[in-house]
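Trainee: Dropping the structure in here first, questions after.
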Amino acid sequence: MALAALEVTGLSYSYGQGALALQDISFRIDPGERVALLGPNGAGKSTLLWCLVGVLRGEGTVAVDGTVLRPGTEAEIRGKLGLAFAEPEDQLFMPTVSRDVTFGPLATGVAPEEAARAAERAIERVGLPAGTLDRPAHELSSGERRRAALASILVMDPVVLALDEPTNSLDARGRASLSDILMQLPCAQLIATHDLEFARALCARALVVVNGRLVSDTSMCALVGSEEKLQSYGLAAPIGRNDGQSVLL
Amino acid sequence: MPHHLDLYVKRESPLQGLDPRAKMLAAGGFVAAVLVAPMRPPWSLVALAVLLMGTGTLARVPARLLSRRLFALTVVIGMPFLLSRLGGEATRAAGEQFAARSLLVAATFLVLMATTRAIVLLEVAERLPLVSTFGQMGEFILRGADLLAEEVMRTNRAWRLRAPRATMKVRLTGLTQASMSLITRAAARSERVGAAMVLRGFQGRLPMAAPARLPWPHLLAGLLFALISLGLAGMGRWL
Amino acid sequence: MVTKTSSQDALSRAREFSLAGLMGALGLLLPIGFHALGWGGSVFLPMHLPVVVAGFLVGPAAAATLGVVVPILSSVLTGMPPLAPPIAPLMAVELAAKAAVASLLYRSLRLPLWAALAAAIVADWVVLALAAWLAAGFFAIEAGPLQYLAVVVVVSLPGTILQLLAVPLTVRAVERRVPRLRPTPPEGRD
């Protein structure tokens with residue numbers, strides 16, 4: 001069996017006071033695979049993503065491209081697994097886009113000239129003009145900010161790209177544009193989203209998390225094809241609303 | 001919003017194009033000259049003032065703008081000067097010194113800031129050995145101010161829509177609560193931003209690109225200006 | 001108990017840097033707001049509020065750095081407080097001392113918030129009294145140290161009252177929202 005891009009075994013996490021936010025989650029993502037991470041609000045999707053990069057310390061094992069997450073390997077894991085936040089502003093913390101995008105390469109010792117070239121390539125990859133690099137983030141539209149934040153992660157050439165609610169505040173064109181960008185990327189992707197249409201367009205496989213448990217790991221077609229499953233997982237409104245048509249949430 | 005607060009005046013002039021390090025060298029030399037120039041006879045200080053005005057003209061900074069900005073300092077410079085006139089000879093002399101030197105040094109900084117973007121000054125500071133952390137913190141503050149200014153504008157708009165005819169008491173209460181909320185949200189945001197920094201390899205210091213080389217004509221210009229200024233001050237002392 | 005690794009140190013420092021930056025941003029924006037409302041920035045000292053609050057939330061080094069940077073940066077961006085006469089440098093020393101003392105006493109020595117705030121305010125007064133003494137020397141004015149202190153206390157009274165009211169409320173509100181920022185964080189968290 002080929003080395004997994006991401007392998008999670010028995011991951012559990014508690015915020016304290018005994019309540020488990022994640023319970024015994026196990027799954028594997030192969031290189032180049034795109035997987036949707038679905039679930040209702042409060043299911044634990046974001047918590048899971050934070051655990052993958054070691055910001056939250058859970059029990060169990062997380063391995064990215066063969067490297068197991070433990071004290072001492074966080075930097076290596078974070079170089080291999082890029083996480084795009086739900087709020088791009090949280091990842092654009094330098095005065096200009098250029099400083100944000102070159103932050104990662106410079107912090108990991110890449111030479112400044114090479115970092116600058118990598119930044120230009122990353123900006124191009126996300127479909128932004130080269131001039132964006134010289135602009136402060138507050139001058140960008142929300143779609144441009146999301147892409148700039150994505151560029152700041154892609155510049156590190158991650159093996160796995162995890163995205164938390166990537167279509168937040170994007171219009172239809174923005175979503176289509178983002179979808180195109182993600183489809184071109186060779187890395188494995190784990191996309192936590194409420195946007196079932198977006199997930200269906202990109203991912204062949206879906207993990208469903210409900211109340212901190214992984215309740216389903218199946219093909220997207222099988223999931224979306226079953227109204228009953230969608231409703232039981234809280235991914236669709238009950239039948240009877242909206243003229244008898246179920247509403248995908 | 002902080003980018004709109006910048007005192008920088010966009011003009012096509014040799015000074016705007018001069019390397020910021022050269023400008024800081026020139027300004028530093030000029031300030032030193034102002035501080036050592038004798039008060040009597042006053043022609044050293046007058047010569048320095050003329051030099052500064054010439055520099056401002058070369059920079060194409062509008063005189064009215066510079067005057068308006070200097071006028072804002074009249075209270076902090078004028079009040080001590082006026083009060084010193086009520087004292088003895090030593091106090092009056094100190095008051096004159098205070099006013100003359102403060103005015104010239106303040107004008108120097110205003111010309112420097114009118115010809116150099118704040119972010120550029122911070123990037124220079126970031127690379128200087130003793131003040132590097134201050135420069136980095138300054139850059140974070142600038143970016144933070146952009147974020148918070150956007151939030152403040154959104155809150156303000158929401159307030160105007162929800163309570164267009166609110167009484168002063170209601171406004172004050174609302175302002176207090178909104179400020180508290182802004183601070184707590186900022187603290188929560190800082191957790192996420194800190195995580196974002198670490199996820200991109202932050203190990204304790206902000207990474208910096210290597211500085212561009214200081215072109216020697218720029219260095220020469222800055223040095224020459226500083227030396228001329230010090231020369232004018234020195235001649236006043238020795239002649 | 002989890003031993004702190006260099007990665008956790010980096011995370012702590014990153015969060016501290018980020019929090020100090022946002023508080024510093026408030027230190028820039030609040031005076032502008034106060035001036036716009038005509039609320040006397042030099043009377044109520046709005047720049048002090050977020051910097052002192054930051055002193056209770058970050059370590060002494062970050063607090064002192066913030067105290068130095070905010071008035072200087074405000075001067076560079078807006079011209080106020082001015083660099084000449086050296087009001088911005090004086091405020092830099094003042095705020096650095098105030099924020100650092102607050103941080104040292106509250107976060108490092110675990111003193112109660114009120115005690116740390118009182119000590120920080122006194123530290124501020126001492127710096128101002130020293131500056132007043134230097135200025136008096138320059139202007140050949142003679143006065144005793146207590147006189148300087150008395151003038152300083154009276155002049156800064158409105159700002160002091162505002163800080164005594166606003167700082168504890170704000171620090172507590174932030175600690176409720178982000179429990180990790182309390183001086184003794186709960187077990188098991190970063």
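The numbers here are math on the coordinates, done by the rules we state, and not lab data. These figures come from a predicted structure and were not determined experimentally. In this analysis, Cβ positions are derived from the backbone assuming ideal geometry, glycine residues included, and neighbour counts consider all displayed protein chains.
Trainee: Mind ordering A:49-56, C:154-161 by average Cβ neighbours within 10 Å, highest first? Kindly include the intermediate steps, with their values, before the conclusion.
Mentor: Details: A:49-56: 22.6, C:154-161: 14.4.
By packing density, highest mean first, the sequence is A:49-56, C:154-161.
Trainee: What list of ³J(HN,Hα) couplings, whole Hz, do you get for segment C:91-98 from phi and the Karplus terms 6.51, -1.76, 1.60, once you set θ to phi - 60° and write x for glycine and proline?
Mentor: For segment C:91-98, the Karplus curve yields 5, 4, 5, 4, 5, 4, 5, 4 Hz.
Trainee: Hey, another quick one. How far is helix C:60-78 tilted, in degrees, relative to the longest principal axis of the Cα atoms in chain C, given as a value from 0 to 90 rounded to the nearest 10?
Mentor: 50 degrees
Trainee: If exposed means no more than 12 neighbouring beta carbons inside 10 Å and the site is in a DSSP loop, what's the longest run of chain B without any exposed trypsin sites (Lys or Arg not before Pro)? Don't skip to the answer; put the middle values down first.
Mentor: Working: sites that count: B:Lys10, B:Arg85, B:Arg165, B:Arg213.
It runs B:86-164.
Trainee: Over segment C:8-177, what is the relative contact order in whole percent, taking alpha-carbon pairs under 8 Å and six or more residues apart? Let's see the in-between values first.
Mentor: Values: 203 pairs, mean separation 36.7, N = 170.
It rounds to 22 percent for segment C:8-177.
Trainee: Please state the shape class of chain A: rounded when a/c is under 1.5, otherwise prolate if a/b exceeds b/c and oblate if not, all from the C-alpha gyration tensor. Walk me through the numbers before you get to the answer.
Mentor: Details: a/c = 1.93, a/b = 1.32, b/c = 1.47.
Oblate shape, in that a/c is at least 1.5 and b/c is the bigger or equal ratio.
Trainee: Take every residue in peptide C:132-141, count the Cβ atoms of other chains within 10 Å of its Cβ, and give the average of those counts. Don't skip to the answer; put the middle values down first.
Mentor: On the way: counts 0, 0, 0, 3, 1, 1, 7, 13, 10, 7.
For peptide C:132-141, the averaged partner shielding equals 4.
Trainee: Helix-only estimate, please: 222 nm mean residue ellipticity of chain B, summing -39500 (n - 2.57) across DSSP H runs of length 4 or more and dividing by its residues, to the nearest 500.
Mentor: On the way: 11 runs with 182 residues, N = 239.
Helix contribution divided over all residues of chain B: -25500 deg cm²/dmol.
Trainee: Expressed as an acute angle from 0 to 90° and rounded to the nearest 10, what is the orientation of the C-alpha long axis of helix A:112-125 relative to the principal long axis of chain A?
Mentor: That helix lies at roughly 40 degrees to the long axis.
Trainee: Next question. Could you please state, rounded to a whole Å, how far the C-alpha centre of segment A:1-21 is from the C-alpha centre of segment A:174-228?
Mentor: First find each Cα centre; the distance between them is then 19 Å.
Trainee: Can you sort C:Val174, B:Val124 by how many other beta carbons sit within 10 Å, fewest first?
Mentor: Working: C:Val174 26, B:Val124 17.
Going from least to most buried by this count: B:Val124, C:Val174.
Trainee: Applying a 10 Å radius around every beta-carbon, put C:59-65, A:31-37 in order of their mean neighbour count, most first. Display every interim value, and only then the final one.
Mentor: Working: C:59-65: 21.9, A:31-37: 20.1.
Output ranking for C:59-65, A:31-37: C:59-65, A:31-37.
Trainee: I've got another one for you. How large is Rg/Rh for segment A:183-238, to two decimals, with Cα atoms and a Kirkwood Rh?
Mentor: Details: Rg = 11.6 Å, Rh = 12.0 Å.
Rounded to two decimals, Rg/Rh equals 0.97.
Trainee: Remind me, what semi-axes does segment C:8-177 give for its equivalent ellipsoid, largest first in whole Å, using sqrt of 5 times each Cα gyration tensor eigenvalue? Each step should come with its number before you reach the end.
Mentor: Numbers: eigenvalues 135, 67, 48 Å².
Semi-axes, largest first: 26, 18, 15 Å.
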